[in-house]
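Down below is the structure, laid out as structure tokens.
The values are calculated or read from the model by the stated rules, or taken from the named source; none is laboratory data. Note that the structure is predicted; figures quoted are calculated from it, not measured. So basically every Cβ, Gly included, is an ideal-geometry build from the backbone, and we count neighbours across all protein chains shown. These accessible areas exclude ligands, DNA and RNA; they are computed on the full protein's heavy atoms, side chains included. Shrake-Rupley method; radii C 1.70, N 1.55, O 1.52, S 1.80 Å.
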Amino acid sequence: MTRFQDAREFLLRHRSDYSAAYAGFRWPDPAPFNWALDWFDGALARDPESRDRTALWIREAAGGEEVRLSFAELSRRSNQAANVLAGIGVTRGERLLLLLPNVAPLWEVMLAAMKLGAVVIPASTLLTTGELADRLARGKVRHVVAAGDQVEKFAGLATDGLGLVQVGGDVATGWRAYDLTGAAEAFAPSAPTHPDDPLLLYFTSGTTAKPKLVTHSHYSYPVGHLSTMYWIGLQPGDLHLNVSSPGWAKHAWSCVFAPWIAGAGVFVLNQPRFDARSLLEAMREAGVTTLCAPPTVWRMLVQQPLQDWRLALREVVSAGEPLNPEIIEQVQAAWNLTIRDGFGQTETTAQVGNPPGQMLKPGAMGRPLPGYRIALLGADGAPAESEGEVCLPTQGPGRAAGLMVGYEDAEGGGTGLDQAVYRTGDIVTRDADGYLTFVGRADDVFKSSDYRISPFELESVLIEHPAVAEAAVVPSPDPLRLATPKAYVSLAPGFEADAAVALSILRHVRERVAPYKRIRRIEIVADLPKTISGKIRRVELRRHEAADGGAGDRPLAFRETDFPELK
């Protein structure tokens with residue numbers, strides 16, 4: 001506990017001094033430690049300076065009851081939840097599928113499971129019945145806590161022998177109501193929590209293949225997210241808003257661990273459908289000081305007159321996918337705040353980022369965060385100086401605490417960490433100052449006429465065009481060049497999907513990129529294929545192009561050669 005606190009205090013003390021933080025930070029040695037009991041209960045909920053501060057504030061955009069809990073209140077309620085779950089048979093090491101939206105029981109059960117030593121499998125409420133069946137089977141689930149409107153998805157699934165707990169609604173047959181009434185407010189653990197005890201099992205978003213099952217421990221996540229706290233720039237007493245859906249790792253990053261490590265409160269606005277104006281108004285009224293949002297949300301926010309909103313924001317960050325420079329410039333002009341990019345994966349905590357107070361370089365996602373030792377390797381495994389795949393050591397003193405335990409279902413029966421390094425699959429460039437700039441997923445980067453093409457670079461140019469809301473660039477088969485860049489674009493409101501807008505977009509790109517990178521084919525679509533966590537599935541578009549042979553004979557598919565004026 002003391003070592004965790006010392007590491008936290010060190011990062012808070014050096015929050016604006018990256019060089020000192022990176023050089024001097026050391027992960028706490030693995031030791032018996034239960035973050036929910038020893039830190040949340042033992043420090044935040046007992047310290048006179050923090051116990052009565054807001055830990056969780058949930059507001060409903062459409063009206064309804066507002067929930068606001070202090071650290072002390074949430075400590076008591078999670079103790080009650082732990083006692084209720086223990087009473088229905090949840091024991092140390094058993095797996096619990098958590099299928100809840102942003103409601104207080106989600107946080108109560110997360111803390112309760114940690115206290116019990118149960119293993120949580122977070123799941124999105126957008127999952128289908130088939131996807132839930134896969135999670136129940138591969139996750140070896142023993143218990144389920146689900147929202148009332150999710151229960152019908154389990155009809156017909158193999159749930160015999162499972163402990164089923166329902167939150168809200170009329171309780172269905174075979175399910176128990178989530179009810180803390182009368183439950184004891186004190187909790188005593190059955191045994192110590194060891195650092196390598198499993199805590200979370202995350203199914204990845206599956207952008208390129210079947211979702212993998214990632215295992216994190218009581219060390220890798222609660223301790224590992226010290227790096228995430230540092231990147232965001234959270235401080236005690238902050239009110240942090242993270243726009244992310246439950247069930248995905250980013251929700252735990254910034255709606256649980258990073259803010260509560262700092263002693264900051266978590267603010268949530270529940271919206272039936274995302275509305276940028278409502279979010280901005282809620283941030284203003286609540287006094288939100290730090291904001292993390294994915295690029296999709298930032299792209300919608302900048303459609304508003306941001307300069308009209310006077311907010312209490314001090315730090316703004318983005319993660320999930322690289323953020324295009326144009327968005328950063330618009331927010332800077334409106335709020336005099338620079339969106340600081342960060343990079344991590346379900347398999348890790350925040351690995352790379354631009355911490356507060358540091359020089360930012362346009363387009364760069366930052367430098368390795370304290371505790372992360374990053375190497376760039378080529379496809380052949382040889383060290384690369386200026387461009388390569390981000391790799392992390394899996395052994396020895398350079399191993400980051402935030403690196404997963406491994407994949408439970410790795411091919412060949414291993415963990416996915418059986419080599420000396422973990423290969424992230426993300427290609428970056430590195431400059432002389434150590435700043436890393438995202439090039440693309442190893443699966444996404446392709447060659448055209450023997451030139452390497454970064455889809456992200458071209459997508460950044462595309463969305464600078466006012467008509468383009470979102471874009472994805474993939475290789476399209478070409479008999480001369482082997483492949484040629486093709487852009488799939490969805491249009492911003494008010495633009496007509498026709499040849500004129502396609503010509504305008506192609507002209508825009510031609511004026512801004514070298515000829516060898518030129519987008520030579522474009523297709524206008526209503527929506528881009530995405531995972532349910534919101535990441536674009538370029539793999540689906542690549543398959544579509546390969547099957548189509550690059551023909552593209554569809555009404556809204558165009559080639560450069562369709563426009564004589566481009567010659």
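Calculate the FRET efficiency for R510 and R277 from the Cβ-Cβ distance with a Förster distance of 41 Å, rounded to the nearest 0.05. Provide the component values of the computation, followed by the final result.
Values: r = 36 Å, r/R0 = 0.87.
After rounding, the FRET efficiency stands at 0.70.
Residue by residue through the range 369-374, what is 3J(HN,Hα) from phi via Karplus (6.51 cos²θ - 1.76 cosθ + 1.60, θ = phi - 60°)? Round to whole Hz and write x for glycine and proline.
Karplus values, whole Hz, x for Gly and Pro: 7, x, x, 9, 9, 10.
Would you tally the net charge around I327, using a Cβ to Cβ cut-off of less than 11 Å, leaving I327 out, and scoring K and R as +1, D and E as -1? Before the final figure, lay out each step's value.
On the way: positive: R299; negative: E326, E329, D341, E464.
Local charge sum for I327: -3.
Normalising by the residue count of the chain, find the relative contact order in percent from Cα pairs under 8 Å and 6+ residues apart. Provide the component values of the computation, followed by the final result.
Values: 1149 pairs, mean separation 63.4, N = 567.
Once divided by the residue count of the chain, the mean separation gives 11 percent.
Below 8 Å, C-alpha to C-alpha, sequence gap of six or more: please give me the relative contact order for the range 261-387 in percent.
Values: 157 pairs, mean separation 20.0, N = 127.
Computed over the range 261-387, the figure is 16 percent.
Please compute the per residue accessible area over the chain with all protein chains in place, 1.4 Å probe, rounded to a whole number of Å². Mind dumping the intermediate values first?
Details: 22740 Å² over 567 residues.
For the chain, the per-residue accessible area is 40 Å².
Can you compute the FRET efficiency between E66 and A432 using 1/(1 + (r/R0)^6), with r the Cβ-Cβ distance and R0 = 56 Å? Round to the nearest 0.05.
On the way: r = 51 Å, r/R0 = 0.91.
E between E66 and A432, to the nearest 0.05, is 0.65.
So if I place +1 on the C-beta of Lys and Arg and -1 on the C-beta of Asp and Glu, and nothing else carries charge, what would the dipole magnitude of the range 282-407 be about its Cα centre? I want it in debye, nearest 20. Walk me through the numbers before you get to the answer.
On the way: 9 positive and 12 negative charges, 92 e Å.
Roughly 440 debye for the range 282-407.
Roughly speaking, to the nearest percent, how much of the range 217-270's 1.4 Å accessible area is carbon and sulfur? Provide the component values of the computation, followed by the final result.
Numbers: 320 of 630 Å².
Taking all protein chains in place, the range 217-270 shows 51 percent carbon and sulfur surface.
Give K486/K517; K447/K517; K361/K530; K250/K447 a once-over and call out the pairs whose C-alpha atoms are over 21 Å from each other. Can you show the working numbers first?
On the way: K486/K517 10 Å; K447/K517 10 Å; K361/K530 29 Å; K250/K447 32 Å.
Violating the 21 Å limit, Cα to Cα: K361/K530; K250/K447.
Find how many whole Å separate the alpha carbon centroid of the range 142-191 from the alpha carbon centroid of the range 391-432.
Distance between centres, Cα-based: 36 Å.
Rounded to the nearest 20 Debye, what is the dipole magnitude of the chain about its Cα centre when Lys and Arg each give +1 and Asp and Glu each give -1 at the C-beta? Write out the running numbers ahead of the final one.
On the way: 58 positive and 67 negative charges, 98 e Å.
Roughly 480 debye, rounded to the nearest 20.
So for the chain: antiparallel DSSP bridges make up what percent, rounded to the nearest 5?
Numbers: 49 of 86 bridges.
Counting DSSP beta bridges with both partners in the chain, the antiparallel share is about 55 percent.
Run the quick spin-label model on R3 and W309: label points 7 Å from Cα toward the beta carbon, then report their separation in nm to one decimal.
About 4.3 nm, to one decimal.
Compute the Rg/Rh shape ratio of the chain: radius of gyration over Kirkwood radius, all on alpha-carbon atoms. Working shown, then result.
Values: Rg = 23.9 Å, Rh = 24.8 Å.
We get a ratio of 0.97 for the chain.
Go ahead and estimate [θ] at 222 nm for the chain from helices alone: -39,500 (n - 2.57) per DSSP H run with n ≥ 4, summed, over the residue count, rounded to 500. Don't jump to the answer; show the numbers that get you there.
Numbers: 14 runs with 135 residues, N = 567.
That calculation yields -7000 deg cm²/dmol at 222 nm.
Taking the Cα of A177, stepping 7 Å toward and past its beta carbon, and measuring to each backbone N in the range 104-130: which are under 15 Å?
Answer for the range 104-130: none.
Taking K and R as +1 and D and E as -1, what net charge do the other residues with C-beta under 15 Å from the C-beta of D380 add up to?
Working: positive: R423; negative: E385, E387, E389.
Overall, the nearby charge balance is -2.
V445 to L337: FRET efficiency via 1/(1 + (r/R0)^6), r the Cβ-Cβ distance, R0 45 Å, to the nearest 0.05? Spell out each step's value before the answer.
Values: r = 32 Å, r/R0 = 0.70.
Step by step, r from the Cβ atoms, then E = 0.90.
If I stretch the segment between S245 and A186 completely, what's the gain in nm (0.36 nm per residue apart, minus their alpha carbon distance), one decimal? Before the final figure, lay out each step's value.
Details: separation 59, 0.36 × 59 = 21.24 nm, distance 3.06 nm.
Result: 18.2 nm gained on full extension.
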